[in-house]
Amino acid sequence: MVKKSSSFLWVSLLSLLLVGCSTNITNLTPKQTSRNANGFYPIEAAFKTTQQSLRWSSVKPSVIVGKEFFPMRSTPMMTNRWETLIQVPAGVNVVYYRFKFDYTYNNFGTPPQPNSKLSPTYRLEISDK
């Protein structure tokens, strides 16, 4: 009987470790926007994590459009939101983009380790209305 409860305890602890750290990127950009004269469009995201070892000062987010990277800056008065402007040429009606968050985290017995989180691909539609 002791062996069964001991095995259950180990399986439960392992499950908690595997599910314990979740990291999510939330796209805060509307799916559609109207075309503007300057060709720059705001893109915004929130980065949420339960990873206690993440070094927030190391977070370097960017937006990827094709092969171009647009660095993001922290949104004023927010701790986990970033924004940038992407340039879209006249005549382009749809842009596909992703977020990439590079960061470091503390690791036992070693220097801080690099890691990154990549979002799914999002679509921004630009209308001439």
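The numbers here are math on the coordinates, done by the rules we state, and not lab data. In this text the structure is predicted, and so the values were computed from the model without any measurement. We place every Cβ from the backbone using ideal geometry, glycine too, and count neighbours over all the protein chains shown.
The Cβ shell under 13 Å around Phe99 holds other residues with a net charge of +3, Lys and Arg each +1, Asp and Glu each -1. Across segment 50-66, rounded Karplus estimates of 3J(HN,Hα) from the backbone phi angles (6.51 cos²θ - 1.76 cosθ + 1.60, θ = phi - 60°) give 9, 6, 5, 8, 5, 9, 4, 5, 9, 5, 10, x, 8, 10, 10, 10, x Hz, Gly and Pro being marked x. Restricting attention to segment 21-127, the count of lysine pairs at 8 or more positions apart or across chains with alpha carbons under 16 Å apart stands at 7. Note on Trp56, Trp82: ascending count of other Cβ atoms within 10 Å places them as Trp56, Trp82, the fewest first. Legend: translational diffusion of segment 21-127 by Stokes-Einstein, Rh = Kirkwood radius over C-alpha pairs, 4 °C, 1.567 mPa s; D = 87 µm²/s. Annotation: amide H of Thr29 within the under-5 Å range of Glu44, sequence separation 5 or more or interchain, hydrogens built in the peptide plane.
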